[in-house]
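Undergrad: Below is a structure I'd like to ask you about.
The values are calculated or read from the model by the stated rules, or taken from the named source; none is laboratory data. Note that the coordinates shown come from a computational prediction; the quantities given were computed from them, not determined experimentally. Virtual Cβ from ideal backbone geometry, glycine too; neighbours counted across all protein chains shown.
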Amino acid sequence: MSVKSAERVLKVFELLAQHQEGLTIKSVSEFLSIPQSSTSGLIETMFLEGFLTVDSSKRYRLGPKLIHLGHVALDSLDISTQGIPFLKDLMEDVQETVFMAILADSELAYVAKINSKRSIRTTAQPGLSKPLYCTGLGKTFLTFLPEEVRDELLSKLELKPITPKTITSVETLKDQLKSFAEMGYSIDDEENEEGLICFAAPVFGADRIIHAAISIAGPKERMVKQKDFIVGKLLETSRKIANSIGYK
């Protein structure tokens, strides 16, 4: 059973998050269809407790106390633990091996691996790292990170050939990343391990920045036959994990 006053507080937070220029009490009242007298008392209490600030034009904005709470929430959020139930469902749906990775400096760090009954031979394991330029997960970060961060990472990378299909030209890689951005997912086509293809997608956080990447990997011939189905399930799962950590 919901509590009306608590619902109103949450709605004020969501509304002010969408209006960073601030809103007057009257505007908040109109947006939320709450009587102005009730809105006034609610806003004043939130202001006195440090959850809101107010300027000379009587416009209220989100306050400094929320910054601390946000940092605490982020610190307590373990994205791999949060994502594993979704990854298990994904593996059951596609019956292929599923991974999750995060960015660690300029390398890819695997944080989760869900084996299917049709397990594959791969050197990718939780706790290990791999280059960004030749893995689906790594190329997902290079595709969806802010441009200045991506360019800085690319400037540090040495594109060494790992298989005959590894891309070793920065310009070729950049062209590929543009295509991936339009597609919404990335591909490693035997560039890291011969015989294996990988489809990978980003997991965005509440700050709309990529926090992790998830992938499905398997033998190329088998994966290509089911590509549309596999990619559909991959993107669906990446959205579910993103929503679970606050992305909207």
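Undergrad: S29 - would you say it is over 30 Å from T143 (Cα atoms) and surrounded by fewer than 19 Cβ atoms within 10 Å (Cβ to Cβ)?
TA: In short, no.
Undergrad: Anything in the stretch 199-225 that is over 8 Å from the mean Cα position of the chain (by Cα) and modelled with pLDDT of 95 or more? List them, or say none.
TA: F199, A200, A201, I214, S215, I216 - these are the residues of the stretch 199-225 that are over 8 Å from the mean Cα position of the chain (by Cα) and modelled with pLDDT of 95 or more.
Undergrad: May I ask you to list the residues in the stretch 212-222 that are surrounded by fewer than 22 Cβ atoms within 10 Å (Cβ to Cβ) and either touching a helix residue (DSSP H, G or I) at 6+ places or on another chain (Cβ under 8 Å) or among the acidic types (D, E) (or both)?
TA: E221
Undergrad: Still on this structure, I have one more. Going by what's in this entry, would E236 be described as outside the structural domain of F13 (by TED's automatic domain parsing), within 17 Å of the chain's Cα centre (by Cα) and at pLDDT 95 or above?
TA: The answer is yes for E236.
Undergrad: Any idea how many residues of the stretch 200-248 are of a type in the set (G, A, S), in a helix (DSSP H, G or I), more than 19 Å from L142 (Cα to Cα) and in contact (Cβ under 8 Å) with a residue 12 or more places away in the chain?
TA: Number of matching residues: 1.
Undergrad: Sort through T168, T140 and tell me the only one that's at negative phi, of a type in the set (S, T, Y) and either surrounded by fewer than 18 Cβ atoms within 10 Å (Cβ to Cβ) or outside the structural domain of L234 (by TED's automatic domain parsing) (or both).
TA: T168
Undergrad: Turning to a different aspect of this structure: Could you please let me know if E193 is part of a loop (DSSP other than H, G, I, E, B), of a type outside the set (V, I, T) and surrounded by 18 or more Cβ atoms within 10 Å (Cβ to Cβ)?
TA: So E193 fits the description; yes.
Undergrad: Checking the structure you have, find out if any residue of the stretch 61-82 is modelled with pLDDT of 90 or more, within 22 Å of D207 (Cβ to Cβ) and outside the structural domain of L234 (by TED's automatic domain parsing).
TA: Yes - at least one qualifying residue is present in the stretch 61-82.
Undergrad: To continue, here is another question. Of everything in the stretch 169-186, what is touching a Lys or Arg at 6+ places or on another chain (Cβ under 7 Å) and outside any helix (DSSP H, G or I)? Give them in sequence order.
TA: S186, the sole residue that qualifies.
Undergrad: Looking at L42, L15, L48 in this structure, which one is crowded, with 19+ Cβ neighbours inside 10 Å, at pLDDT 90 or above and on the phi < 0 side of the Ramachandran plot?
TA: It is L42.
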